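Encoded as structure tokens, the structure appears first; notes follow it.
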Amino acid sequence: LRAHFAGALAREGRDALLRGVLPHLLPGIQAHAFHGPIRVAHAVESGHAGELALALAYWAVRATPLPAPDAVPAAPFDRVEPWLQALDDAWRRDDVPPLQRLPFIQARLVQAAGTQAYRTLAGALDSLHADPLPLLQQLALVGARRYARTRNLTMLHVVTATRALMVLARWLPLSRPGALAPLWHAAAAG
């Protein structure tokens, strides 16, 4: 895969390659603790073609989408903080799974995606009608506050992945409704 992406980068150039491949990788954004998009964003910022090919290959190998949540509720959330609070409240009330006992972030995300809270609320952020960039900024800010308060390493990864998507936004079809749904689902599981 590294050789494939290095060749595509040489043939097509960075912009065309990222426009073509990022929409296909985005459904697996959370794979391996969000490190795929984080590495791709760092490679883009450094301008290092070899690292970009390697980062894309790493993301492609690790990308495994979370299951889609159930249907969106009749009254979706239009802000990140109340949505995350509703998820917290639902986990405390309905599920209480031993999420922290699993050793790896990816395993905890998959486990969280099986909870009632995830199934009913992960799709409840109204990302279909809102401008995605302000929602990304909200997630980064709210996530950073949550990390500062809890020192939850998964939340730190949500924050750095959100920052990575802000770096990569110019190559993503953000005007397409639901384009960032995989991020919202992964953030909900996180």
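The values are calculated or read from the model by the stated rules, or taken from the named source; none is laboratory data. Since the structure is predicted, the reported quantities are computational estimates derived from the model, not experimental observations. In this analysis, Cβ positions are derived from the backbone assuming ideal geometry, glycine residues included, and neighbour counts consider all displayed protein chains. Please note that ligands, DNA and RNA were not included when accessible areas were found on the heavy atoms of the full protein model with its side chains. Shrake-Rupley method; radii C 1.70, N 1.55, O 1.52, S 1.80 Å.
Those helices (runs of 4 or more DSSP H) of the range 1-100 in which 1 or more residues are within 16 Å of Trp171 (Cα to Cα) and either β-branched (Val, Ile, Thr) or modelled with pLDDT of 95 or more (or both) occupy 2-12, 14-25, 35-46, 49-62.
Of note, Leu168 satisfies the criterion of being in contact with a helix residue (DSSP H, G or I) (Cβ under 9 Å, 6 or more places away or on another chain), over 23 Å from Pro67 (Cβ atoms) and open to solvent by less than 20 Å² (accessible area, probe 1.4 Å). Only one entry in Pro69, Pro82 is closer than 21 Å to Leu136 by Cα, in contact (Cβ under 8 Å) with a residue 24 or more places away in the chain and either out of contact with any strand residue (DSSP E or B) (no Cβ under 6 Å at 6 or more places or on another chain) or of a type outside the set (Phe, Trp, Tyr) (or both), namely Pro69. Scanning the range 149-190 for residues that are in contact with a Leu (Cβ under 8 Å, 6 or more places away or on another chain), part of a helix (DSSP H, G or I) and under 12 Å from Leu133 (Cα atoms) returns Thr162, Leu165, Met166, Leu168, Ala169.
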